[in-house]
Each structure stands twice: as structure tokens, then as C-alpha cells.
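The values are calculated or read from the model by the stated rules, or taken from the named source; none is laboratory data. Since the structure is predicted, the reported quantities are computational estimates derived from the model, not experimental observations. Glycine gets a Cβ as well: all are built from the backbone with ideal geometry, and neighbour counts include every protein chain shown. Side chains are part of the model used for accessible areas, which takes the heavy atoms of the whole protein and leaves out ligands, DNA and RNA. Shrake-Rupley method; radii C 1.70, N 1.55, O 1.52, S 1.80 Å.
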Amino acid sequence: MAEPLKVGLAGLGTVGTAVVHLLEQGRDRLVARCGRAIEVVAISARSRGKKRDFDPKKFRWVADPTALARDPGIDVLVEVIGGAGNPARQAVETALACGKPVVTANKALLARHGQKLAVMAERHGVALNFEAAVAGGIPIVKTLREGLNGASFTRIYGILNGTCNYILSRMEQDRLSFADCLRDAQRLGYAEADPTFDVEGHDTAQKLSILASLAFGTRIAPDAVYVEGISSITPADLAAAGELGYRIKLLGVAVRTAEGIEQRVHPTMVPKDSAIAQVMGVTNAVTLDADGLAPITLVGPGAGGAATASAVVADLADIARGIVTPPFGRPAARMTAIRKAPMQHHEGGYYIRLLARDRPGTAATIARRLAQQKISLESIVQRHGTASPGPAPSGRSGEAVPVIMITYATSEDAVRKALAAVRRDRVVSGRPQVIRIEKN
Ligand SMILES: NC(=O)c1ccc[n+]([C@@H]2O[C@H](COP(=O)([O-])OP(=O)(O)OC[C@H]3O[C@@H](n4cnc5c(N)ncnc54)[C@H](OP(=O)(O)O)[C@@H]3O)[C@@H](O)[C@H]2O)c1
């Protein structure tokens, strides 16, 4: 039998620990599938003395992850430290420069430096595998890179952050506020103490930029992603969406348009009967649209040690078998600079909730401003009471009344201009809520 694949494991936290366990438990299965064993031989982390839930003495300790990367005793580096900077970056670059393949779960590193790392991996003829970096246990990277390598993608969208999906699901099901659901998510370990990166959409944006690159063959451009988070969503929006036949999800969406690639992350209304709308709680999902292919949706766990380790080990299994694929599905030299489709030109339906002042002429003013921008309405609902996020209006003249409108397809620019005009006219109070609608 061939020699075992010797793994240097940098990072022994949630993912690293789960990788140790899965490689131990799955040893015989992996031998049967790959024709050789996959063994951790050396480990590295920040603190040697930290209590681990495996016996670290079984492995050689290397204090510096970069020294581990160049250690002649390892065949492959697994980087599960995290972060776009050092030591993760230096360790990965060092391994590639030494001609060693790398498996990483690090979306921040890939979003920022993926292009350069792909070039290095190719130059040295080694694999750079990162299945775990996007949507944890869902094999979306391999699906894009290999399974659907012949497809011409038109759109890819998904729920890529379990924390946000958990919060929105709880808000809808239990009619709780964003703040209450966030607290619960933190208590259950689904959200960080500082949740900004997740709830403001930046985590989703990093993952989306990687998926867009794989789908469209463009160089990763995290700064070209339009980003809006979920903190302004209210139970009233979720209830109104439900009545209108929609659910609200934080989606990352990348679309091929005539103007270039549109990449956006924002709360999105999706038809209640769509596959993506069924995905509740911390689960992730990705839908792929390609020319001549019915949509494909993959659903599964987006995070957690076991799910993420499953992706890391699958990447290791490919390396054990000698499979080397260009990291982004095509040679790095053939990846093109992204042509960014401007967000103002985004076209689609919109949900608009505003608090209209209850006095003569308000409805006519709003209608005029929408008409000036050629926005037509599919439906309009005026509510007295329940859907208001503030105190229920008494119906006295001058008080604010929630008005919910669904537009037919229009442009982002038109919606922004119409709402700016309506605010200038002082016929609404507060900021209108705007949620984009994504059709199946
Ligand atoms: N957790 C998930 O569900 C999940 C899912 C998908 C992808 N990922 C990605 O997987 C990676 C790891 O995530 P994780 O949740 O396992 O993180 P974690 O639990 O915080 O573990 C991080 C590990 O890196 C080590 N480390 C941190 N700074 C270091 C330094 N300066 N030098 C050496 N070692 C250092 C830590 O050492 P000590 O143990 O000594 O502190 C720890 O073992 C990240 O890129 C993350 O985005 C995680």
C-alpha cells in the first residue's frame, strides 16, 4: 500500500479538533477509498498548554505554523487558524512555495488573497483546496469546480450565514425582535460576542466573492460586493412578507448581467414556495442557475466542527488520491478581472414599507413620485394598527400609517430617487424600509 499522507495541522480549535477526530474515526474508510491512510503527524496552535479534547502528545508539536508549513516531515498543510493576515497567510504561502498542497477553511484569507495563492499553487503544481471555506459541509466548491465545470452559470445565490438565517427564522416563527433573537443566538453559541461581521452581511460577502469567482471565472473581488445586513428588519416586515407570499432571507447573490457581474448581499424576499425559502435555522443553502439546466439547490450544515471537518477531510482525500485541480476551476491566468455591474442598475421587484402621514394629499404625492420614476405597483396595503413597528395609530389626521407596497420590476436607481423625493415632500416619517425581491 502507498505511504500514508502526512498532515501538518495548523489550528486546533473547533475545526482542527474535529479534523483530528474524523481522521481517527474514518481511518479504515479513508484507506479503502483513497488507497492510503491520511494521518496527522504534527500540530500547531497558539497555546501548547491548552486543554484539548484529544491527546496532543500523540502528535509532534511545532510552535510556529510557518515552521510547520515547511517541515519536511509533512506532505500537506491544513490551515484552520483563520484570518486574512499572519500567521495563516504566511503559513499557507510557505507551504505552497515549498511545493506542498494546502487545505484551508479560511474564507477571509481566500477572499483577500485567493488569486495570488491560486497562482502560487499552480506554479508549484500542487492543490489548494478550500471546500470548508464556503457553506461548511455543503460540497459547493467541488460542485462548481468539478461537478458542473461544463455549465454556463447565470446566477448563484444562497443562504451562506447560519447566524442570520437563525435570527430571521426565529423572528418570523416567534414574532420576536432582531435584538431578542440575536441574544438567543449568542446564548446558543450561533453568534459571536461581536456579531457585526455576521449580521451586517460581511461574512456572506466574503463567501459570495469566492463562489462568484468559481462560477464566473472572475478574479475574487470582495470589495465589489454591495452589502446590507439584517439589523433593520422588523417582525412587521416578516409578517407582511408572509401575508404577501414571501419569506425574508439574507442572501448572497451573484448574477451575470449585460453590464458585468452583479454581486450583492442584502435581506431578500423570496417566494414562500421556493427551495431556498424552506431553509430555516442555522442551515445553509445555495441555488445554482445555469443555461439549459434546471436550478440546482444544495442544502446542508454551514458550520460546526463536524460538518466543516467533513469538507476538510474530503479535500485531503483528493490530495491523497493525487488529484490536483486549478483552485478556481480554470488556470489562474485565464481568470478575468471582474466587470462590476453597478448596483443602481439592479433590476427587480421591491417591497417598500413606509410610514405615511395620515393627511390629505399624501397618497397622491407618493403615487406621483413613483410614477415620475416609472414605478408600477403590483400591490399596496395600508395598515391601521398591527404592522406598525411603533404605537398603533389612532387614525387622527397627521399620524403615521404604515403603507406596504410591492413594485413590479424596476431599477434600484428609480426606487432610491422616488423615495428620496417622497422624504423631501415630508409625507412620510422615518426612513422607508426597502427589501429587494428575488424571483425563482
Ligand atoms: N467553526 C466553524 O464552524 C467554521 C466553519 C467554516 C469555516 N471555518 C473556518 O475555519 C477556521 C478555523 O475556525 P475555528 O472555528 O476552528 O476557529 P477557533 O476555534 O477559534 O480555532 C482557531 C485555532 O487557531 C489557533 N490560533 C489562533 N491564533 C493563532 C496564532 N497566532 N498562532 C497559532 N495558532 C493560532 C488557535 O490556537 P489555540 O487553540 O491555542 O487558542 C486555535 O487552535 C477559520 O478560518 C474559520 O473561518 C470555521
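A few remarks follow.
- Screening ASP315 on (1) touching a helix residue (DSSP H, G or I) at 6+ places or on another chain (Cβ under 9 Å); (2) farther than 30 Å from ARG123 by Cβ; (3) part of a helix (DSSP H, G or I) shows it passes everything except condition (2).
- Pairs, first within 14 Å of LEU117 (Cβ to Cβ) and in a loop (DSSP other than H, G, I, E, B) in the range 71-87, second small (Gly, Ala, Ser) and more than 9 Å from the ligand (Cβ to nearest atom), C-beta under 8 Å, six or more apart: ALA84/ALA111
- Residue in the range 332-351 that is in a strand (DSSP E or B), more than 25 Å from ILE233 (Cβ to Cβ) and among the β-branched types (Val, Ile, Thr) present: yes
- So LEU168, is it in contact (Cβ under 8 Å) with a residue 12 or more places away in the chain, assigned to a helix (DSSP H, G or I), under 16 Å from ARG247 (Cα atoms) and open to solvent by less than 10 Å² (accessible area, probe 1.4 Å): yes
To keep it simple, each residue is scored yes or no on (1) open to solvent by 10 Å² or more (accessible area, probe 1.4 Å); (2) at pLDDT 95 or above.
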{"residue": "ILE220", "(1), (2)": "yes, yes"}
{"residue": "ALA224", "(1), (2)": "yes, yes"}
{"residue": "SER231", "(1), (2)": "yes, yes"}
{"residue": "ALA236", "(1), (2)": "yes, no"}
{"residue": "GLU243", "(1), (2)": "yes, no"}
{"residue": "ILE248", "(1), (2)": "no, yes"}
{"residue": "VAL253", "(1), (2)": "no, yes"}
{"residue": "ARG256", "(1), (2)": "yes, yes"}
{"residue": "GLY260", "(1), (2)": "no, yes"}
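- Cβ-Cβ contacts under 7 Å between residues 6 or more apart (or on different chains), taken from a first residue in the range 1-27 that is in contact (Cβ under 8 Å) with a residue 40 or more places away in the chain to a second residue that is within 13 Å of the ligand (Cβ to nearest atom) and of a type in the set (Phe, Trp, Tyr), are listed as THR17/PHE54; HIS21/PHE54.
- Hey, ALA303 within 16 Å of the ligand (Cβ to nearest atom) and of a type in the set (Gly, Ala, Ser) or not: yes
- ALA127 being within 12 Å of the ligand (Cβ to nearest atom), within 19 Å of VAL19 (Cβ to Cβ) and among the aliphatic types (A, V, I, L, M): no
A quick yes/no check of all residues on (1) in contact with a Pro (Cβ under 9 Å, 6 or more places away or on another chain); (2) buried (at least 21 other Cβ atoms within 10 Å of the Cβ):
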{"position": "ILE74", "(1), (2)": "no, yes"}
{"position": "GLY83", "(1), (2)": "no, no"}
{"position": "GLN90", "(1), (2)": "yes, no"}
{"position": "GLU93", "(1), (2)": "no, no"}
{"position": "VAL103", "(1), (2)": "no, yes"}
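- All positions within the range 286-300 that are of a type in the set (A, V, I, L, M, F, W, C) and either within 13 Å of LEU160 (Cβ to Cβ) or touching a strand residue (DSSP E or B) at 6+ places or on another chain (Cβ under 8 Å) (or both): VAL286, LEU288, ALA290, ILE296, LEU298, VAL299
- Residue within the range 213-227 that is closer than 20 Å to GLN433 by Cβ and in contact with a Pro (Cβ under 8 Å, 6 or more places away or on another chain) present: no
- In the range 273-297, residue farthest from VAL31 (Cα to Cα) [restricted to those that are within 16 Å of the ligand (Cβ to nearest atom) and crowded, with 18+ Cβ neighbours inside 10 Å]: VAL282
- Candidates in the range 176-198 are the residues that are aliphatic (A, V, I, L, M) and closer than 21 Å to HIS266 by Cβ; of these, the one that is most open to solvent (accessible area, probe 1.4 Å) is ALA179.
- Lone qualifier among ALA91, ALA95, ALA67 - being within 10 Å of the ligand (Cβ to nearest atom) and closer than 24 Å to HIS124 by Cβ: ALA91
- Test: residue in the range 83-102 that is under 17 Å from VAL141 (Cα atoms) and hydroxyl-bearing (Ser, Thr, Tyr): no
- Some residue of the range 96-107 being touching a Lys or Arg at 6+ places or on another chain (Cβ under 6 Å) and touching a residue at least 40 places away in the same chain (Cβ under 8 Å): yes
- Residue tally, condition in contact with a helix residue (DSSP H, G or I) (Cβ under 6 Å, 6 or more places away or on another chain) and part of a loop (DSSP other than H, G, I, E, B), over the range 265-300: 3
- From the options ASP358, ASP318, ASP291, residue that is at pLDDT below 95, over 20 Å from the mean Cα position of the chain (by Cα) and among the acidic types (Asp, Glu): ASP358
A quick yes/no check of all residues on (1) away from the ligand (no atom under 11 Å from the Cβ); (2) under 28 Å from the mean Cα position of the chain (by Cα); (3) of a type in the set (Ser, Thr, Tyr); (4) not in a helix (DSSP H, G or I):
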site: ALA2; (1), (2), (3), (4): yes, no, no, yes
site: LEU9; (1), (2), (3), (4): no, yes, no, yes
site: ASP28; (1), (2), (3), (4): yes, no, no, no
site: ALA32; (1), (2), (3), (4): yes, no, no, no
site: GLU39; (1), (2), (3), (4): yes, no, no, yes
site: LYS51; (1), (2), (3), (4): no, no, no, yes
